[in-house]
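For reference, the structure discussed in these notes is given below.
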Amino acid sequence: MGIFGNHSSRVALGTLIILAVPLIAFPGRVGNELGAAQVWTVILELAYYCATIYLFNRRGVLPRIGMMAGLCLGYRLGAGLLFGVLISILYSMSLSSGVKLGLYGYLPVMIIQVAGTPYVLRHYLERYSVPRPVLRAPKPQPQPTRETQNRDKSAAPESHSLALREHEPKRTIVSVTENVASNYNDLNMFDRAVKYLGEHGSVFLALVVDSEGLLLANFKRGSLIPEDWAPLALVMYDQNQRSLERSRLGTPEKIDVSFQEKRLVITHEAQFTVLVLAERQADDTLAIRINQCMEMIRKYIAERYSPKQDVNAERIHVSHSR
């Protein structure tokens, strides 16, 4: 899944283009003086690569961008070397003269290759300019001891006495304020879930929709429009679910479809549907992130729609009606 993946054919085609186009003007100088290898030339070339990589992916970090700029410089020098060998063969000149012209001597080929290198390698620059996610194992939960169990038992009467004072007006107002604050935090759960998915470098689009197709949260990379994909998530899941129900295999937990260059994953939990569009050759950590995202949504549903909160909401409604 590195340089030799499915996108290698595009790299090969782009290399042929930046090698063939300068041959149209060669050996004319096109009004430019022959250049020479200088330090400031290399610095300007690296600065152009860094700026272009940052425009491709604004989430990139400086060390990774510097590494990718070095990769662009190495590729450009290799393309210049190939061009020098090519003109040495076609025009029967010495190999050393051809290599000098291909690297920094012939200005038109240098400009074309420098300008085109980031776009030839764009797929890899966007992907590897962001650090790969590091998955950490969850911390083990401490086992309850006799001391903690006795402490919980001793705290039970106090919580029971607090529950008896819930009908007081002052206490009721405080509980409503706390519920509003907790609901405000819960509304950000979907945003945190899709942002967590988007931290994976292969994800182009991640979104959460409700049972009516309303877009609740989204993450996108590129020119994709999440509003256009939100209703498609429900349609694709419902159609596949109906088809699979005829096979008597049960309701699918996840729908994973692979295309030529993309991979589409749709999962469903209660009345919420999650859609993820990523690269076809995404690694196994993407599946782990999707499972962890669904676990976040399950906890959110369990906390927000638990019977305890329904009872508290009913008590608040009764207290306000009085």
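The values are calculated or read from the model by the stated rules, or taken from the named source; none is laboratory data. As the structure is a computational prediction, the values presented were derived from the model and not from experiment. For neighbour counting, all protein chains shown are included, and Cβ atoms are generated from backbone atoms with ideal geometry for every residue, glycine included.
Listed values, structure above:
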quantity: Test result for residue 278, under 13 Å from the mean Cα position of the chain (by Cα) and either in a helix (DSSP H, G or I) or within 30 Å of residue 9 (Cα to Cα) (or both); calculated: yes
quantity: Meets criteria (outside the structural domain of residue 60 (by TED's automatic domain parsing), under 25 Å from residue 55 (Cα atoms), modelled with pLDDT of 85 or more and of a type in the set (S, T, N, Q)) for residue 218; calculated: yes
quantity: Number of positions in region 173-215 that are modelled with pLDDT under 85 and farther than 27 Å from residue 279 by Cβ; calculated: 18
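Residues checked against (1) at pLDDT below 90; (2) surrounded by 11 or more Cβ atoms within 10 Å (Cβ to Cβ); (3) over 14 Å from the mean Cα position of the chain (by Cα); (4) among the hydrophobic types (A, V, I, L, M, F, W, C):
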position	(1), (2), (3), (4)
259	yes, no, yes, yes
266	no, yes, yes, yes
287	yes, yes, no, yes
296	yes, yes, yes, yes
308	yes, no, yes, no
